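The values are calculated or read from the model by the stated rules, or taken from the named source; none is laboratory data. Just so you know, these numbers come straight off a predicted model, no measurement behind them. With ideal geometry, Cβ positions are generated from the backbone for all residues, glycine too; neighbour counts draw on all protein chains shown.
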Amino acid sequence: MKILLIGKTGQVGGELKNLAGDLGTLIAVDRKQLDLSKPDSIEPAILSIQPGIIINAAAYTGVDKAEEEPDLAMAVNGTGPGLLAKAAKKVGAGLIHYSTDYVFDGCSDTPYKEDDRTNPLSVYGKSKLAGEKALAEAGIPFLILRTSWVYSLRGKNFLLSIQRLAKEKDSLRIVDDQIGAPTWARSIAMGTHKILGQCLNQNWPETKDASLSGIFHLTCQGKTSWHGFAKEIINLSGTGQNTVLHPIPTSEYPTPATRPLNSLLSNEKIKKVFSFEMPQWEDALKDCMSSK
């Protein structure tokens, strides 16, 4: 099976590049080879490569910046995946795509299930939901994996920001009323590897088994706030131990994009269909910070 990985330099794509090669012939590309913001380049690239499976780990992830660049965010997160799906249909490929907790408004008192009503509050969330809908309407075998609070030892993310700020400042004000599940990019990649391996064993994407297509939630287990996440990062870092963390409400930390207060996603469906569980967020964070 020829597997095309789009976004090989991102947080999740960088981890997948090291894992997915044992499932088939892996072709990993970055924005230089396939740019989702350039619609005319997408189909020719897919027709040239002729993959059997496409993993789209590329995305516009600047949540606040998207409020200033709505057209670019929609092009990469909404229109681009739809064009990928149309090209996938032409070559008979299945498509794996990543989405986000930001498609929900965060007003629920319980973890969101895959079929709960979406209501994104930000341009970023709306663009990701548009990509989901485009895939679902394309008439191809697809897996949309929604995740949350993604971090790693590369790129720009909360983990690296807290590590840097804790070295620079005596105190930090961290939001404590937004709840979610921090999820290591490698945990997402490993979960994807398990899912894809099982799918291939069942002849995906040729199979007509409807349970192997659709939306699945893929986050680490447990829950915390951004304040709780920051506290654990500092505890494990060995630096910044004297930095005082002040819990604050969202109202005291205004941002251009509105965040959901509840970002928890239920993983029950993925446990039922693919028979595995994601790690607890604290365990994944320890593994991340001790990894290379």
Any idea how many residues of segment 196-239 are over 17 Å from Asn157 (Cα atoms), among the β-branched types (Val, Ile, Thr) and at pLDDT below 95?
-> 2
Give segment 263-280 a look and list any residue that's out of contact with any helix residue (DSSP H, G or I) (no Cβ under 8 Å at 6 or more places or on another chain), closer than 30 Å to Ser122 by Cβ and not in a loop (DSSP other than H, G, I, E, B), or say none.
-> Glu268, Lys269, Lys271, Gln280
Per the filter on segment 241-272, residues in contact with a strand residue (DSSP E or B) (Cβ under 9 Å, 6 or more places away or on another chain) and either of a type in the set (Gly, Ala, Ser) or without any contact (Cβ under 8 Å) to a residue 24 or more places away in the chain (or both) are Ser263, Ser266
Is it true that some residue in segment 240-249 is at pLDDT 95 or above and either of a type in the set (Phe, Trp, Tyr) or within 26 Å of Tyr98 (Cβ to Cβ) (or both)?
-> no
Could you look through segment 105-126, keep only residues that are among the polar types (S, T, N, Q) and touching a Phe, Trp or Tyr at 6+ places or on another chain (Cβ under 7 Å), and pick out the one that is farthest from Asn262 (Cα to Cα)?
-> Ser122
Can you tell me which of Lys223, Lys271 is under 28 Å from Lys17 (Cβ atoms), basic (Lys, Arg) and within 23 Å of the chain's Cα centre (by Cα)?
-> Lys271
Among helices (runs of 4 or more DSSP H) entirely inside segment 31-121, those with 3 or more residues being closer than 17 Å to Gly7 by Cβ and of a type outside the set (S, T, N, Q) are 39-49, 80-91
Mind telling me which of the residues Pro260, Pro254 ends up being assigned to a loop (DSSP other than H, G, I, E, B) and buried (at least 22 other Cβ atoms within 10 Å of the Cβ)?
-> Pro260
For segment 19-44, which residues satisfy the criterion of being surrounded by fewer than 18 Cβ atoms within 10 Å (Cβ to Cβ), free of Cβ contacts under 8 Å to residues at least 60 places away in the same chain and over 14 Å from Val76 (Cβ atoms)?
-> Gly21, Asp22, Thr25, Ile27, Lys32, Gln33, Asp40, Glu43, Pro44
Considering residues that are over 22 Å from Phe216 (Cα atoms), surrounded by 20 or more Cβ atoms within 10 Å (Cβ to Cβ) and out of contact with any Ser or Thr (no Cβ under 7 Å at 6 or more places or on another chain), the number found within segment 48-96 is 2
